[in-house]
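*Asks:* Here it is, the structure, as structure tokens.
The values are calculated or read from the model by the stated rules, or taken from the named source; none is laboratory data. These numbers come from a predicted model, not from an experiment. Neighbour counts are summed over all protein chains in view; Cβ atoms, including those assigned to glycine, are modelled from backbone coordinates with ideal geometry.
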Amino acid sequence: MRLENKVAVVTGGGSGFGEAIAKRFAEEGAKLVVNDIADANGKSVAAEIERAHGQGAAIFVHADVAKSRDMAQLAKATLDRFGRIDIMVNNAGTTHENGSMLDVPEEVFDRVFAVNVKSIYLSALFIVPAMKRQGGGVILNTASTAGIRARGGLTWYCASKGAAVMASKSMAHELAPDKIRVNAICPVAGETPLLPTFMGGDTPEIRVRFLASIPLGRFAQPQDVANAALYLASDEASFITGVAFEVDGGRCV
């Protein structure tokens, strides 16, 4: 069991990549705190984990990761229930519609940066002190290939994920003396609820155009990202910090 006796928090854990990460971590022995703003989805994932791995294997905590009060409550609920936080997965994310950068409303821009970037800052404020007290931990930030290789039409989303990549690298450097590893996971567009928004629609023609940019010829599956997250969170990756780990079928080559 690669994560036995570990406690992991996964934001945006009610669907998509976050759901797959939470379930994969539970398979390897971790206790899970599933976070989402979609209560029904998050509660369902936590309940599935408990059915598969026993009572007490997971809890659900509602929190908007872009709000300081909510992030503080997420950290408190985790510590109250499990007493420690070994792995923090900042997975919750959002985007704007694929289109002209000039057509993105200011309130949408603000929400993209709040969820994709400010959430990493807030999690650090409330999670890092706990990790320092216990002698270390792992932080994984779900970034994107869009933070490494930009796409026109997703300009502000790309900018937010570029910030997530660089934040991860700088955090890794600063927190290394505290035995806290920080890495970014960079998936290519995946089969998640956000896919049509990324693509600007969902037709066979649009899919063909997007797939043409991925050498291995398919979108990321949630399990692809979950397996990468498992490796980075495990002791097998104990000497890996500050990387932008591409899970992209060759998109960034």
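*Asks:* Here's a check for you: in the stretch 203-230, which residue that is small (Gly, Ala, Ser) and in a helix (DSSP H, G or I) is farthest from the chain's Cα centre (by Cα)?
*Replies:* It comes out as Ala228.
*Asks:* Additional query: Being over 18 Å from Ile85 (Cα atoms) and either in a loop (DSSP other than H, G, I, E, B) or in contact with a Phe, Trp or Tyr (Cβ under 7 Å, 6 or more places away or on another chain) (or both) is the filter here; which residues of the stretch 23-73 pass it?
*Replies:* Ile37, Ala38, Gly42, Lys43, Gly54, Gln55, Asp64, Ala66, Lys67
*Asks:* Continuing with this model, one more query. Find the residue count for the stretch 99-112, including only residues that are assigned to a helix (DSSP H, G or I) and either of a type in the set (Ser, Thr, Tyr) or buried (at least 18 other Cβ atoms within 10 Å of the Cβ) (or both).
*Replies:* Residues meeting the conditions: 1.
*Asks:* Let me ask something additional. Go through the stretch 76-98 and count every residue that is closer than 23 Å to Lys179 by Cα, in contact with a Lys or Arg (Cβ under 8 Å, 6 or more places away or on another chain) and not in a helix (DSSP H, G or I).
*Replies:* Total satisfying the criteria: 2.
*Asks:* OK, next. With (1) farther than 14 Å from Gly18 by Cα; (2) hydroxyl-bearing (Ser, Thr, Tyr); (3) in contact (Cβ under 8 Å) with a residue 24 or more places away in the chain as the list, and Tyr231 as the residue in question, which single condition is left unmet?
*Replies:* Failed condition: (3).
*Asks:* Pull out all pairs, ordered by first then second residue, where Cβ-Cβ is under 9 Å, the residues are six or more apart or on different chains, the first lies in the stretch 201-228 and is within 23 Å of Gly153 (Cα to Cα), and the second is exposed (fewer than 12 other Cβ atoms within 10 Å of the Cβ) and at pLDDT 90 or above.
*Replies:* If the second residue must be exposed (fewer than 12 other Cβ atoms within 10 Å of the Cβ) and at pLDDT 90 or above, the pairs left are Leu211/Gly217; Pro215/Val253.
*Asks:* Tell me which of these Val108 doesn't satisfy, since it passes every other one: (1) over 13 Å from the mean Cα position of the chain (by Cα); (2) β-branched (Val, Ile, Thr); (3) more than 30 Å from Phe210 (Cβ to Cβ).
*Replies:* (3)
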